[in-house]
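Visitor: There's a structure below that I have some questions on.
Each reported figure results from applying straightforward, stated rules to the coordinates on display, with no laboratory input. Note that the coordinates shown come from a computational prediction; the quantities given were computed from them, not determined experimentally. Because the Cβ atoms are built from the backbone with ideal geometry, glycine has one as well, and the counts that use them run over all protein chains shown.
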Amino acid sequence: MSYYFSKILGNISFDEAIALTTAELKKEGFGVLTEISIDKTLKNKIDVDFKKYTILGACNPQFAYEALKSEDKIGVFLPCNFIVEAHENGDIEVSAVDPIAAMNSVENEKLGKLAIEIQAKVKRVIDNLK
C-alpha cells in the first residue's frame, strides 16, 4: 500500500502549481495553514542546494475537529501534508499523504471512517490538478 497519491503536472511553473493546488484544496474545504519551502530552509540552515520543494500543510477544520474528538493525540498526524516538487527534467509533481495509510496505526473505528472520507477529498484534489 502506497502512503501517498501524486500527479505530474505538465507545462506549469512551480508557483502556478502551488496556486493551483491551493485552489483545489479550497474547493474540498481545506485551507493551507503552513507553507514550508524546504529548499530555502536547507539553503539558509545548512547551506545546501536542493530542488524546489514546498510542503503545504492543509486542514479541513470540520474533519480536524471530528478527528480530535475521536482521538486527542491525532494531532500528530495533522495537518494533511501536500508537497509540490520540481524535478530535474522540469516536471512539477504534487503529492499528498494517504489519510488511510497515515491513520492505519491508530486503532479507532471512528477515525477509520473519517479517514475514508478525507481520502476521497485528497484524491479529488490530486485528480483535479491539470
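Visitor: Would you mind working out the magnitude of the charge dipole of the range 4-128 relative to its Cα centre, with +1 at each Lys and Arg C-beta and -1 at each Asp and Glu C-beta, to the nearest 20 Debye?
Guide: 260
Visitor: Calculated FRET efficiency, D49 and H87, Cβ-Cβ r, R0 22 Å, to nearest 0.05? The partial results should precede the final answer.
Guide: Values: r = 15 Å, r/R0 = 0.67.
Computed FRET efficiency for D49 and H87: 0.90.
Visitor: Summing -39500 (n - 2.57) over the DSSP H runs of n ≥ 4 in the chain and dividing by its residue number, what mean residue ellipticity at 222 nm do you reach, to the nearest 500 deg cm²/dmol?
Guide: -13500 deg cm²/dmol
Visitor: Using a 10 angstrom cutoff on alpha carbons, build the Gaussian network for the chain and name the most mobile of D91, D49, D39.
Guide: D49
Visitor: Here's something else I'd like to know. Averaged over all directions, how much area does the convex hull of the C-alpha atoms of the chain cover when projected, in nm²?
Guide: Result: 8.4 nm².
Visitor: When we measure straight from the Cα of K113, which aspartates and glutamates land under 17 angstrom away, once same-chain ones fewer than 8 places off are left out?
Guide: Leaving aside aspartates and glutamates fewer than 8 places away in the same chain, those within reach of K113 are E66, E71, D72, D98.
Visitor: Round to the nearest 10 and give me the degree value, 0 to 90, for the angle of helix 61-70's Cα axis relative to the longest principal axis of the chain.
Guide: Once rounded, one gets 50 degrees.
Visitor: Right, another one. How long is the gain from I8 to E28 if the chain were fully straight, where each residue apart is worth 0.36 nm and the alpha carbon distance is subtracted?
Guide: 5.2 nm
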